[in-house]
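Just below is one structure, and these are the notes that go with it.
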Amino acid sequence: MKIILDCFGGDNCPDSAIDGALLALEEDKSLEVTLCGDEKIIGDYLAKKTFDKSRLNILHAPDVITNDDVPTLAIRRKKDASMVVGLKTLAEGDYDGFVSSGNTGALLVGASVIVKRIDGVQRCSLSPILPTVIDGKGTILVDGGANVDCTPTMLKEFAIMGSAFMQSVHGIENPKVGLLNNGAEEEKGNELTKTAHALLKETSINFVGNIEARDMFTGDVDVIVADGFAGNVGMKAAEGMGKAIFALLKKYIMEGGIRAKIGYLLLKPSLKKLKGIMSSDSVGGGVFLGAKKIVVKAHGASNAVAFKNAIFRASEMAQVGLTEKIQKALANNVQENV
């Protein structure tokens, strides 16, 4: 698999991006990674490292899209930016995937207009994997924040794409699909969710109805469908709650005296494992479902391990032919509704 890595634009770039690529190459001998960005900065950093030069390349791009840039303008005007150069190379060349921790909006625009969308897809959807408490297999959230204003037909497409993802990447034969709503009852919700609910019932996917935000991490469904506004609010609320719980736990341990500290030492391995599962580092990033090639958005504050895992996710999705399977699933549902 040949993956392009945008080495600039994130909080810890380029050091963590390059280190992540080196870790990925060390663990997977079948990988070839192209580092995209200022070749002098990348070259100077690599000069201090030991690695397999036959599987690591540099694609020169002297400019950078920052989080302060307006996405559409940045993609159009910053032709030499690492994100733009990398996406163009992906679209035009013999490459399997692209990873970036840069500006999310710009990456969405770039995936849509440079790599382009699969035929019939209205919008690409940023789709992260959420950890689950039942069996740890994870649930995909479609959409996690890319499209804050959606139509019912877009939510239908999100559901079909998410189902195809869980089938092909996670090997779940008949994924359960739930619609994020303010109640489990069919009549709950606004006009968007009510209409989307009716459309989802007509598809061939395994739609099981509405789910509430409190059920996002239970594992009761394999795919959570939402507009980007609700999906992002739900995800970040849960992220904040997780941080608050760990902060309170630390506070009470410190205040609890010797017994609390002994209890903490006994529980430390389990707590460390829990923190690892909840961390975005282990997931690597969310994929833009609907693009013609694999485009993965890593967290802006990704460290080397997160970049490594994002590269692995991109490679895995390309290996199973995710884009082709999404295209087939969309076509099948169109035919069934004719």
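Can you grab the distance from the C-alpha centre of region 145-208 to the C-alpha centre of region 15-46, Å, no decimals?
That distance is 37 Å.
Run the helix sum for the chain: -39,500 (n - 2.57) per DSSP H stretch of 4+ residues, divided by residue count, reported at 222 nm to the nearest 500 deg cm²/dmol.
-15000 deg cm²/dmol
For the chain, which DSSP H helices look membrane-span-like by this rule: Cα extent along the axis of 27 Å or more and mean Kyte-Doolittle of at least -1.0?
228-255, 257-278
Assigning unit charges at the beta carbon (Lys, Arg +1; Asp, Glu -1) and nothing else, what dipole magnitude in debye, to the nearest 20, does region 121-273 show about its Cα centre?
1100 debye
I'd like the accessible area for ASP220, computed on protein heavy atoms only with a 1.4 Å probe and all protein chains in place. Round to 10 Å², please.
Estimated to the nearest 10 Å², ASP220 gives 80 Å².
Quick one: dipole size for the chain, taken about the Cα centre, charges +1 on Lys/Arg Cβ and -1 on Asp/Glu Cβ, in debye to the nearest 20.
Dipole magnitude for the chain comes out near 760 debye.
So for the pair LYS40, THR218, with labels modelled 7 Å out along Cα→Cβ, what separation do we get in nm?
Inter-label distance under the simple model: 5.8 nm.
Considering the values (i) 15.5; (ii) 18.9; (iii) 18.0, which represents mean projected area of the Cα convex hull in nm² as calculated for the structure under consideration?
Correct label is (ii).
At a probe size of 1.4 Å, how large is the accessible area of TYR252, to the nearest 10 Å²?
Around 130 Å² of this residue is reachable by solvent.
Under a Cβ-Cβ cut-off of 11 Å, what is the net charge of the residues other than LYS188 that fall near it, where Lys and Arg count +1 and Asp and Glu count -1?
Result for the neighbourhood of LYS188: -3.
Taking the dipole about the Cα centre of the chain, with the C-beta of Lys and Arg at +1 and of Asp and Glu at -1, give me whichever of SER163, ASN232, LEU267 is farthest to the positive side.
LEU267
Just to confirm a number: summing +1 for Lys and Arg and -1 for Asp and Glu over residues other than CYS150 whose beta-carbon lies under 14 angstrom from that of CYS150, what do you get?
-2
The values are calculated or read from the model by the stated rules, or taken from the named source; none is laboratory data. Source: prediction; values computed, not measured. All Cβ positions, glycine included, derive from the backbone under ideal geometry; neighbour counts span all protein chains shown. All accessible areas refer to the heavy atoms of the entire protein, side chains included, with ligands and DNA or RNA removed. Shrake-Rupley method; radii C 1.70, N 1.55, O 1.52, S 1.80 Å.
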